[in-house]
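Enquirer: A single structure is presented below for examination.
The values are calculated or read from the model by the stated rules, or taken from the named source; none is laboratory data. Keep in mind it's a predicted model, so treat the numbers as computed, not measured. Positions of Cβ are backbone-derived with ideal geometry, glycine not excepted, and every protein chain shown enters the neighbour counts.
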Amino acid sequence: MIKSLAPLTVAVLLSACAAYQTGPSATAQLVATKGNAVSGVVQFTQKGGTVLVTGEVKGLKPNAVHGFHIHEKGDCSSGDGVSAGGHFNPNGKPHGLHDHAEHHAGDLPSLTADGSGVARLNFETSAISVGGGIADVVGRGLIVHRDPDDFKTQPTGNSGPRLACAAIVKS
């Protein structure tokens with residue numbers, strides 16, 4: 001009986017491991033836009049059908065919530081972040097809350113700064129990918145906004161000026 005369970009057990013374990021295998025990764029080095037002091041590093045790691053997003057953003061208003069989005073272009077040359085374009089939206093969906101059915105691929109959970117103005121992030125999403133497909137974030141921009149995202153106003157969430165910008169590059 002035990003011998004007959006061994007192949008099944010091995011198959012289940014291998015299947016579980018495959019679901020959590022780490023694939024390609026990308027990094028975004030956030031740089032403050034003109035007149036701001038926000039900076040940080042965000043890592044995107046493909047894990048099976050989801051992407052693990054981790055990082056830390058500093059220089060935010062303490063105890064405040066900030067909009068956080070992937071934008072169309074990895075171009076931060078304008079000094080104000082506007083050169084990154086609008087929200088990354090390869091499927092043409094309305095702007096909305098990150099974990100709801102209807103939202104841009106670039107709609108990420110808001111950043112919440114602690115009393116020192118630091119926001120730490122660690123979440124998984126299936127709305128984006130790293131290194132392939134229509135929702136690939138490599139070459140896109142990452143933006144931190146001054147205000148909270150209301151998750152309603154189209155197409156941006158009314159999250160105000162851009163405090164920091166980064167190009168998302170393959171690691």
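Enquirer: Could you please find all residues in segment 79-108 being acidic (D, E) and crowded, with 18+ Cβ neighbours inside 10 Å?
Expert: Across segment 79-108, the qualifying residue is only D107.
Enquirer: Suppose the filter is under 11 Å from the mean Cα position of the chain (by Cα) and in contact (Cβ under 8 Å) with a residue 24 or more places away in the chain; does L97 pass it?
Expert: no
Enquirer: Checking K61 against (1) closer than 19 Å to G141 by Cα; (2) part of a loop (DSSP other than H, G, I, E, B); (3) of a type outside the set (G, A, S), only one condition comes out false. Which one?
Expert: Of the numbered conditions (1) closer than 19 Å to G141 by Cα; (2) part of a loop (DSSP other than H, G, I, E, B); (3) of a type outside the set (G, A, S), the odd one out for K61 is (1).
Enquirer: Can I ask one more? Could you say whether any residue in segment 82-99 is aliphatic (A, V, I, L, M) and modelled with pLDDT under 95?
Expert: The answer is yes, given that some residue of segment 82-99 is aliphatic (A, V, I, L, M) and modelled with pLDDT under 95.
Enquirer: Which members of segment 109-134 meet the condition of being part of a loop (DSSP other than H, G, I, E, B), surrounded by 12 or more Cβ atoms within 10 Å (Cβ to Cβ) and among the aliphatic types (A, V, I, L, M)?
Expert: Of everything in segment 109-134, those that are part of a loop (DSSP other than H, G, I, E, B), surrounded by 12 or more Cβ atoms within 10 Å (Cβ to Cβ) and among the aliphatic types (A, V, I, L, M) turn out to be A113, V118, A127, I128, V130.
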